[in-house]
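To start, the structure itself, in structure tokens.
Every read-out reported here was derived from the displayed coordinates using simple, explicitly stated rules and does not represent laboratory data. On a predicted model such as this, the values are computed, not experimentally measured, just so you know. Every residue, glycine among them, receives a Cβ derived from its backbone with ideal geometry; neighbour counts consider all protein chains shown.
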Amino acid sequence: MTALFDYVPRVAADFEFSAPPQIQSTQLALLREHIAYLRAHSPHYAARFAEIGLVPEAVRDVVELAQVPVLTSKRDLEVAGERFRCVAEEAIADVCLTSGTTGKPVALLQTAHDVGRFAYNEEISFRAVGVTAQERVTVAAALDRCFMAGFAYALGLSRIGATVIRAGSSSVAMLAGVIQEYRPTTVVGVPTFLLALAERLRETGVAADGCGVRRLVCIGEPVRRRDLCLSALGERLQQAWQADVYGTYATTELATALADCAHGCGGHLHPDLMVLEILDDAGRPVPAGSPGEVVATPLQVTGMPLFRFRTGDVAQLHAERCACGRYSPRLGPILGRKNEMLKFRGTTVFPPAIFSAIQALPYVQDYYIEVRAGFDLSDQIRVVVGLPDGCDVKAERIADEIRAQVRVKPEVVCQSLAEVRARTLQPDKRKAVRFFDLRQRTGEVPG
Ligand SMILES: [Zn+2]
């Protein structure tokens, strides 16, 4: 295991506070190294780069990456996984699997260097949010099932010297006990799960806001709105725990996380670890402040490095200097999946924006959205909400509440909680399914 902690950063600890030209020149040097490595070791990219004659020196500025006609999709990884491997099998230290939320799970093979690298990524992310060696941190995320995230958090916290409490996410009851017994100062977990945990504590007569947790680091779901203020979900968490709420963004393929700093205004990109592009439908870069697809090139990866990976997630970059003093750009919350964008009478909306509007309604206990193809390129959006027995809130009022938030008034249907749960909770799915896209022949897209 010692090798896992041997990763030595290529940049100084205050790198992200450097002037933008210095950040850009360091990032360009690392990007060129990355291209040279792929040409030398990756069967997939060596062939693609040879076709177009790409050499590292040809990229004179990181923004020129947008002109390189090579992109990588999840489908490419599914079809040609082995051809992305750059090292001998015995050099693989860890096998990470994607969650398979949008397709079949893909293996991302990590060398010891790569594991050290993502541990370092988590170290600097947790440091930026204020975690120190004196803190106790509960990791309420899966450390098993070949997931990268929980493993990376635990290693990153170990690099800081914090006390790691690897409670995982399989048992709310066990976690509730751990919170009371070991009194962590920070908890890392999925926001809806952390809300359920607060509820569990309340049921046992314990107030979550009296447990000494000062900070919640949220993973897997956004906790901010597009304007970077907390979403309804983020606010409910803050209220329940009386703790500061921070967001993160990561996917296994990126092997890199972007996390809020202590100022909580979007996930800081670590430019020594990744190049991030935001592209429009035609593959052109959009200006900072405009949403587009997140396309990432993780740097310094050796086992299965990727080039211009299309995440399918839509978000926007914030390029101005952060209040914390860092010049590293920040990624706003994920607005939705590119292929889930809904068109409604000339406007567009992503399902998470509707989810967020519904989550602000305290009487709605569960919900899902169904979309069908309508006329005139407009989608028919139907929101089904589960209300408690005896609740007489009318569908029309809920539709108006949603319209006030997202400027789209969907059809709303009220059902019993049991009826809604029969649809959202599916035994073979890790997360509740709340988006049913009936516009596509494939039917359901898990949300
Ligand atoms: Zn900051």
* To do: Set the Förster radius R0 to 51 Å, insert the Cβ-Cβ distance between ALA58 and LYS394 as r into 1/(1 + (r/R0)^6), and round the FRET efficiency to 0.05.
  => 0.25
* lysines with Cα under 25 Å of LYS343, excluding same-chain neighbours fewer than 8 positions away -> LYS74, LYS409
* Asked: Looking only at VAL206, VAL129, VAL301, which one moves most when the chain is put into a Gaussian network model with springs between Cα atoms under 10 Å?
  -> VAL206
* Asked: So how strong a dipole does segment 1-146 carry about its Cα centre when Lys and Arg Cβ are +1 and Asp and Glu Cβ are -1, to the nearest 20 debye?
  -> 300
* How high is the relative contact order of the chain, in percent, counting Cα pairs under 8 Å that sit 6 or more residues apart? -> 12
* Asked: Once both axes come from the Cα atoms, what is the angle between helix 43-52 and the longest principal axis of the chain, in degrees from 0 to 90, rounded to 10?
  -> 70
* Structure fact -> Using alpha-carbon positions, the gyration tensor of segment 1-92 gives root eigenvalues a ≥ b ≥ c; with a/c under 1.5 called rounded, otherwise prolate if a/b exceeds b/c, else oblate, the class is oblate
* Structure fact -> GNM on the chain, Cα springs under 10 Å; top mean-square fluctuation among PRO271, PRO285, PRO362 goes to PRO362
* Asked: Let a ≥ b ≥ c be the square roots of the eigenvalues of the Cα gyration tensor of segment 341-437; is it rounded (a/c under 1.5), or, if not, prolate (a/b larger than b/c) or oblate?
  -> oblate
* Filter the trypsin sites (Lys or Arg not before Pro) in segment 1-91 down to the DSSP loop ones having no more than 14 other Cβ atoms within 10 Å, then list what survives. => ARG60
* Asked: Among PRO333, PRO105, PRO291, which one shows the biggest mean-square fluctuation in a GNM of the chain, springs joining Cα atoms closer than 10 Å?
  -> PRO105
* **Label-to-label distance, nm, for residues given as GLU235 and ALA404 (7 Å Cα→Cβ offset)** => 1.1
* DSSP loop chymotrypsin sites (Phe, Trp or Tyr not before Pro) with at most 13 other Cβ within 10 Å excluded, longest remaining stretch of the chain -> 1-362
* **Relative contact order (percent, whole number), segment 306-439, Cα cutoff 8 Å, 6+ residue spacing** => 20
* Mind checking the angle between helix 20-41 and the chain's longest principal axis? C-alpha axes, 0 to 90 degrees, to the nearest 10. -> 70
* Asked: To one decimal place, what Kirkwood hydrodynamic radius in Å is obtained for the chain from all pairs of distinct Cα atoms?
  -> 22.9
* Taking Cα atoms, how many degrees apart are the long axis of helix 172-182 and the longest axis of the chain, rounded to 10 and kept between 0 and 90? -> 70
* Spin-label zone in segment 241-262 - amide nitrogen under 19 Å from a point set 7 Å from the Cα of ARG214 along the C-beta vector -> 241-247, 260-262
